[in-house]
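Student: Just passing along the structure, written as structure tokens.
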Amino acid sequence: IANELDSLNKDLVSIANSKHLGRNIFAGSSDAASAFTGTPPALDGLPKSPVERRISATETVRVDADGKTVFGSGTGSVFDTVKKMADDLRGGADVTPWIDQVDTAFKKIVNGRSEIGTRQAQLERAGNANTELEASLDAQKTGIEKADLGKVIMDLKLQETNYQVALAATARVLQPTLMDFLR
């Protein structure tokens, strides 16, 4: 069981050091090679500097997660707790006190996942809105591109002629006299 816990701990550290497009998911805006390093693994990132992306003219969404909040850092982290539990199993000591700490760490991880799920839903809604907007703009573009150029030019010329006739009629009706200039 201790060997299995060590293996699970390595997997957990690997997950905590996950990257997307070359950036650490759990290290804020840090450009460190790994989010968690050392023994016990400690956060090697910037937890107070979230990475946000604009999804609309007025909204931004955080696209990373705070590794320190989710996993802890250094002594007291989930990595440290699992390692101490495995060490106690090897030494024949009672591991019951570690179970509460593992439960607490598990709850933090679940809370982190739920927060990320909320952000994912927000991104999906924004994606759907953008897809609908794209379809609307494509329809407008198609309407403009398929316009009969000859008909549009004839309508424009007709409106221009009507405008000039209206200007000429108004100019004849409102002809200024010499008295208008003298006032």
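Student: Restricting to bridges with both residues inside the chain, how much of the DSSP beta-bridge set is antiparallel, in percent to the nearest 5?
Tutor: In the chain, approximately 90 percent of DSSP beta bridges are antiparallel ones.
Student: Give the shape of the chain as rounded, prolate or oblate, defined through the alpha-carbon gyration tensor: a ≥ b ≥ c are the square roots of its eigenvalues, a/c under 1.5 means rounded, and otherwise the shape is prolate if a/b is larger than b/c and oblate if not.
Tutor: The shape class here is prolate.
Student: Continuing with the same structure: Compute the acute angle (0 to 90°) between the alpha-carbon long axis of helix 78-91 and the principal axis of greatest extent of the alpha-carbon atoms of the chain; round to the nearest 10°.
Tutor: 20
Student: Just report the Cα centroid separation between the range 141-183 and the range 106-126, whole Å.
Tutor: 60
No lab work stands behind these numbers, since they all come straight from the coordinates. Just so you know, these numbers come straight off a predicted model, no measurement behind them.
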